[in-house]
1. Scan (1) within 21 Å of R81 (Cβ to Cβ); (2) touching a Phe, Trp or Tyr at 6+ places or on another chain (Cβ under 7 Å); (3) among the polar types (S, T, N, Q) for the single condition Q189 breaks and write down its number.
2. Does any residue of the range 167-175 turn out to be touching a residue at least 40 places away in the same chain (Cβ under 8 Å) and in contact with a strand residue (DSSP E or B) (Cβ under 8 Å, 6 or more places away or on another chain)?
3. Among the residues of the range 187-208, how many are under 19 Å from the mean Cα position of the chain (by Cα) and under 18 Å from A245 (Cβ atoms)?
4. Can you tell me how many residues within the range 219-278 are modelled with pLDDT of 80 or more and of a type in the set (A, V, I, L, M)?
5. Any residue at all in the range 190-201 that is modelled with pLDDT of 85 or more, among the β-branched types (V, I, T), in a loop (DSSP other than H, G, I, E, B) and closer than 21 Å to L131 by Cα?
6. Identify all residues within the range 174-188 that are assigned to a loop (DSSP other than H, G, I, E, B) and exposed (fewer than 14 other Cβ atoms within 10 Å of the Cβ); write none if there are none.
7. Out of (1) in contact with a strand residue (DSSP E or B) (Cβ under 9 Å, 6 or more places away or on another chain); (2) of a type in the set (A, V, I, L, M); (3) at pLDDT 85 or above, what's the single condition that is false for L298?
8. Against the condition small (G, A, S), assigned by TED's automatic domain parsing to the domain that holds Q237 and modelled with pLDDT of 85 or more, how does S136 come out, does it pass?
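The values are calculated or read from the model by the stated rules, or taken from the named source; none is laboratory data. These numbers were taken from a predicted model, which means no experiment stands behind them. Cβ atoms come from the backbone with ideal geometry, glycine included; neighbour counts cover every protein chain shown.
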Amino acid sequence: MSKNIQSCNSDLQLRVKAIITEVSKGKVKALCEFGEVSAKLKGSFYRNGSLLDMVLVVGDNVWLHYNDCGDSMITEICERRSSFVRTDFSGHAAGYVKTMQSQVLAANFDVVFILASLNQEFNLKRIERYLATVLSSNAKAVIVLTKADLAEDFQKRVDLVRNEFPAIDCFAISSTTGFGLDNLDRYIQKGKIIVFLGSSGVGKSSLANRLAEDDIMAVSDIRMKDDRGRHTTSIRQLIVLRNGAMIMDTPGIRELGLYDADKGICEVFSDIEEYIRSCRFSDCTHRSEPGCMIQQMLNSKQLSLERWKRYLTLQKENEWGKKKSPPVKKQIQIR
């Protein structure tokens with residue numbers, strides 16, 4: 001490092017900028033110009049032992065007082081340029097859950113790799129839900145279909161995804177053989193942060209290990225009865241690759257509740273949004289009103305009933321999530 005630090009001098013308060021790389025059970029690690037350090041929040045972030053109006057997550061940019069002999073002190077959390085937020089429960093719980101907590105999973109990322117397996121666990125609806133959330137996070141979405149080496153005819157599913165989401169880049173890969181990984185190079189650039197998002201067993205850890213050229217993450221076997229994996233990632237962590245890019249891995253998510261995903265839903269279902277704007281009446285319920293463009297498209301088969309139902313489901317879930325979840329509290333900055 002370019003700067004010399006007087007060892008264990010408690011009077012020396014060197015203020016440096018850092019990025020949070022790990023948050024787990026009160027344990028915080030941050031990466032700064034002196035390498036990765038253990039850190040803790042300044043006492044003014046707490047009230048009666050509880051955090052105030054913020055939650056520290058992987059990817060947060062912070063200012064800290066560097067300590068080379070112990071925990072560095074985080075004194076300020078910078079405003080997030082992007083964040084990934086979900087609710088604790090998905091929409092099917094709407095009948096009996098009175099309140100939920102919105103949860104920030106990650107911050108300040110540039111690209112989100114939506115990972116989906118090409119084996120029998122392939123689920124277009126899940127990809128659609130992830131995509132609606134990601135497109136509302138101000139990050140670029142890329143669909144990565146994994147385990148191409150285990151699928152007999154993976155191209156059919158690749159074509160299906162590309163036809164369903166023509167504006168989104170989609171690639172098939174194999175972390176085992178290296179097939180298709182070169183297509184991801186354009187996104188994995190120095191200084192860029194890439195989020196891995198996908199359910200257990202889709203190969204997030206395997207892909208991270210392959211890109212890092214090291215076994216940095218545990219990989220568990222897939223349960224043969226249903227192709228689902230065990231949860232091998234227990235903490236959210238930021239992995240720095242040799243070229244300076246960073247991978248942000250999140251635990252496997254089986255239930256992704258939507259939270260304030262209006263923007264993403266509009267992009268995923270841009271055709272339906274256009275049909276709705278073309279209805280004769282602005283308050284059209286799309287059931288039996290004259291001049292309803294949705295009904296015209298359904299009757300002419302230009303809009304499938306299945307796609308229309310998926311749109312309604314995500315809209316209902318999103319509205320319920322916003323109603324039941326308190327808003328994500330604004331971050332505070334304390335020096």
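1. (2)
2. yes
3. Total satisfying the criteria: 15.
4. Number satisfying all stated conditions: 13.
5. Checked against the condition, which is being modelled with pLDDT of 85 or more, among the β-branched types (V, I, T), in a loop (DSSP other than H, G, I, E, B) and closer than 21 Å to L131 by Cα, the range 190-201 yields no hits at all.
6. T177, G178, D185, R186
7. In the conditions (1) in contact with a strand residue (DSSP E or B) (Cβ under 9 Å, 6 or more places away or on another chain); (2) of a type in the set (A, V, I, L, M); (3) at pLDDT 85 or above, L298 misses (1) alone.
8. Working: small (G, A, S): yes; assigned by TED's automatic domain parsing to the domain that holds Q237: yes; modelled with pLDDT of 85 or more: yes.
For S136, the condition - small (G, A, S), assigned by TED's automatic domain parsing to the domain that holds Q237 and modelled with pLDDT of 85 or more - is met.
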